[in-house]
Amino acid sequence: MVLVPFINWLSQHLFGGTPPQWVAWTIGEIILMGVVCLVLMLGVAGVILADRKIWAAAQMRRGPNVVGPFGLFQTLADAFKFLFKEPIIPSGANKVLFLLAPLITSTLALAAWAVLPVSAGVAFSNINVGILYLFAISSLSVYGVIVAGWASNSKYPFLASLRAAAQMVSYEVSIGFVMITVLLFAGSLNLSAIVEAQRHGWFAFTMLFPMFVIFFVSSLAETQRPPFDLLEAESELVAGFMTEYSATPFLLFFLGEYLNVMLLCGLMTVLFFGGWLPIWSIAPFTFVPGFIWFLLKAVFIFFLMAMVKAIVPRYRYDQLMRLGWKVFLPTSLVWVILTAGWVLYRSGGF
């Protein structure tokens, strides 16, 4: 609806009349989706470059520094390389599902951004059940991985996809309980309302700090980031469920992975660090636009992710599952009970 007046004005000057309301609304939504997708694509390029630069700095080397000034165009060069390579499909693969799997992964990664507010009143769809929408999208994303492993018609990608499904489901359980503690504190399923509930104190600096730690580590496992990249570990598994993929299909998997990383950084910002709210509600901090605060907080969380990738050794698979089921799950369950009791006590329920 934001672009409808502009489209009516443009049509009036170009064609001498205004289109029907539904036509203007449809064109406006298509343009808005295109702009959001373009911004996200550029964000992915920047995040990948930052990831490589931080990793290089931790290992005392330069990282990408040849293509463009300071290596800024290295990610774009890699993207064009994948786009113009010929995709190779194994002769025994199910070709329809083989090509559908990366589309499922990248499309769901883009769709999840629809409800994430980046500033006050700035969200593609500010629905009252935003958390439930993200739950649904995250549960569907497992299908892209499973379909990719099965459609390849190779036992190694298939086994890796089963491991991937087990890992993602295991840590989604902990993430779900962590979100429940945040919902108990905020009293709403709306992500914008959760941010507004933190005006007098970010949830990360309350009794929910252990839940932030669990959410952070579970996010690494959910997105297959080191030290939990057991599904794509090149030294042991070639490339996991993506072994048979190349060119653009592989690029779509890579795109979906980093979109999910960015999404979880933004979600942690919203749930625990006050979203677009300034650090202190006094001048000159209040003069900075809300989306700048959101961006700075999300970038800081991504920096923590990149440092974990650089300094923490890879887990064994049994250690990974033990951490999820025997440490995070019981802890988050206990914390849900403690949080509910605390909220009831503060509200005078006892």
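Structure data summary
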quantity	calculated
Phi-based couplings in Hz for region 321-336 (Karplus 6.51, -1.76, 1.60; Gly and Pro marked x)	5, 5, 4, x, 8, 9, 10, 5, 5, x, 4, 5, 5, 4, 5, 4
Part-to-part distance (alpha-carbon centres) for region 157-201 and region 121-143, which is given in Å	11
Neighbour net charge for LYS53 - beta-carbon separation under 15 angstrom, K R +1, D E -1	+2
Student exercise, the chain dipole from Lys, Arg, Asp, Glu Cβ charges, in Debye to nearest 20	560
Structure-derived mean projected area of the Cα convex hull in nm²: which label, when the choices are [x] 16.2; [y] 22.2; [z] 19.0	[y]
Eligible lysines near LYS85 by straight Cα distance, threshold 26 Å, same-chain separation 8 or greater	LYS53, LYS95, LYS155
Separation in nanometres of the label points that stand 7 Å from Cα toward Cβ, at VAL39 and ILE311	3.3
Prolate/oblate/rounded call for region 194-350, Cα gyration tensor, a/c under 1.5 rounded	oblate
Protection-proxy order for peptides 335-347, 39-51, each taking the mean of Cβ atoms within 10 Å per residue, highest first	39-51, 335-347
For region 245-253, Karplus couplings with θ = phi - 60° (6.51, -1.76, 1.60), whole Hz, Gly/Pro x	9, 8, 6, 5, x, 5, 4, 5, 4
Shape of region 262-350, Cα gyration tensor, a/c cut at 1.5	oblate
Gyration tensor verdict on region 54-158 (Cα atoms; rounded if a/c is under 1.5, prolate if a/b is larger than b/c, oblate otherwise)	oblate
Mean Cα-pair separation over length for the chain, i.e. relative contact order, pairs under 8 Å, 6 or more apart, %	21
Rounded FRET efficiency, nearest 0.05, which uses the C-beta distance separating ASN126 from PHE287 and R0 of 25 Å	0.50
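Each value in this text was obtained by applying a stated rule to the coordinates, not by laboratory testing. Since the structure is predicted, the reported quantities are computational estimates derived from the model, not experimental observations. Note that each Cβ is placed from the backbone with ideal geometry, even for glycine, and that neighbours are counted across all protein chains shown.
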